[in-house]
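Taken together, the values in this text are just the output of simple stated rules run on the coordinates, not laboratory data. Treat the numbers as computed from the prediction; the structure is a model and nothing was measured. Glycine gets a Cβ as well: all are built from the backbone with ideal geometry, and neighbour counts include every protein chain shown.
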Amino acid sequence: MEDQQLKKHLLVVVGPTAVGKTDLCVALAKQFATEIISADSRQFYKEMNIGTAKPNPEEQQGIPHHFVDSHQITEEYNAGAYEQEVLSLLDELFQKHDLVILTGGSGLYVRAVCEGMDEMPEVSPELREQLTQLYQTEGLEPLLAQLQQLDPFYFATVDKANPQRVMRALEVCLASGKPYSGFRLQEKQERPFNIIKIGLNRERTELYNRIDTRMDQMLANGLLEEAKALYPHRSHNALQTVGYKEIFDYLEGKYDWAEAVRLLKRNSRRYAKRQLTWFHKYPDYTWFHPNQLEEIRAFIKSRTS
């Protein structure tokens with residue numbers, strides 16, 4: 001049975017925002033007659049459409065996309081729960097397909113599926129709200145100071161400009177009384193299927209131009225109106241993110257619209273850079289330009305034959 005399962009392949013396709021993952025993965029899904037699982041932690045939410053660049057039915061081209069519009073924004077959801085749900089889904093999909101595609105830019109969620117996550121303690125909504133309120137009123141500094149005291153090891157490595165990471169680590173420290181780093185992955189979990197990892201990238205100027213163009217398109221499609229509708233939910237983790245936070249700050253009068261647009265583009269470019277830094281930490285990715293479809297197909301076939 002295990003030998004049979006190891007003939008199954010999970011194709012992992014990662015890359016920064018706006019690089020072109022959707023188009024490539026749809027083309028590959030057609031080629032291999034398979035389905036796509038999203039590993040974009042913001043596309044899960046039904047209420048977040050424009051600001052997440054969620055693939056619409058036309059872009060999906062009839063290919064089943066799992067974990068797109070799968071959750072409500074009011075639900076608490078994390079990488080550990082995602083890992084379990086994706087592994088369960090893969091059991092079903094591998095009954096029909098020899099190869100399934102997992103794609104997205106949320107590195108923690110990709111890693112959870114490929115390598116596993118340690119069990120994280122339950123965190124009360126009250127504690128999460130308390131930290132969110134502290135961040136909104138006083139900024140990141142007091143949270144960083146507290147994290148440095150409770151978990152200096154993780155503090156040394158965390159992206160100190162990412163409030164979601166800082167708050168997540170801090171809430172685990174406070175909920176458990178133990179350092180967050182103690183709960184992080186110690187050993188890779190063995191999976192009963194083969195994992196093929198592909199990274200997509202473009203020349204920096206080309207990528208940044210695509211990001212700016214995408215942001216202009218989002219704004220033309222109604223991102224401001226979507227953010228206004230989501231404003232009452234702004235304390236939820238899913239909305240502590242590029243594309244929404246800048247507009248929330250504009251709605252609160254922190255800067256004018258021209259500055260909001262400038263920050264949307266700048267912060268999206270910075271987010272792309274952080275995504276690339278994350279994935280380049282892992283040497284088992286083979287990198288391609290998204291236009292190298294034939295080379296990518298040949299690479300996959302060489303790894304599955």
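As a footprinting exposure proxy, order TYR231, TYR77, TYR244 by other Cβ within 10 Å, with the fewest listed first. Write down the numbers at each step before the final one.
Values: TYR231 14, TYR77 17, TYR244 24.
Ranking TYR231, TYR77, TYR244 by Cβ neighbours within 10 Å, fewest first, gives TYR231, TYR77, TYR244.
Two decimals is fine: what's Rg over Rh for segment 125-183, C-alpha atoms, Kirkwood radius as Rh?
Numbers: Rg = 10.3 Å, Rh = 11.2 Å.
Here Rg/Rh amounts to 0.92.
Any chance you could run the full-extension gain for ALA156 through LYS178? It's 0.36 nm times the residue separation minus the Cα-Cα distance, nm to one decimal.
Details: separation 22, 0.36 × 22 = 7.92 nm, distance 1.65 nm.
Full extension from ALA156 to LYS178 adds 6.3 nm.
Roughly how far apart, in whole Å, are the Cα centres of segment 79-115 and segment 15-75?
13
Taking loop as defined by DSSP and a crowding limit of 12 other beta carbons within 10 Å, which GluC sites (Glu not before Pro) in segment 193-265 fit? Display every interim value, and only then the final one.
Details: sites: GLU203, GLU206, GLU225, GLU226, GLU246, GLU252, GLU259; in loops: GLU203, GLU252.
The qualifying sites are GLU203, GLU252.
For a quick check, take a GNM of the chain with Cα springs below 10 Å and name the residue from ARG204, ARG234, ARG42 with the largest mean-square fluctuation.
Maximum among the listed residues: ARG204.
Taking the beta-carbon count within 10 Å as an exposure proxy, list TRP287, TRP257, TRP278 from fewest neighbours to most.
On the way: TRP287 15, TRP257 11, TRP278 18.
With the sparsest Cβ surroundings first, the list reads TRP257, TRP287, TRP278.
Using only alpha carbon pairs under 8 Å that are at least six residues apart, calculate the relative contact order of the chain and give it in whole percent.
Values: 400 pairs, mean separation 83.6, N = 305.
Reported as a whole number, the value is 27 percent.
Which of MET167, MET215 has the fewest other C-beta atoms within 10 Å, and how do the rest follow up to the most? Please list the in-between numbers first.
On the way: MET167 21, MET215 24.
So the residues, fewest neighbours to most, are MET167, MET215.
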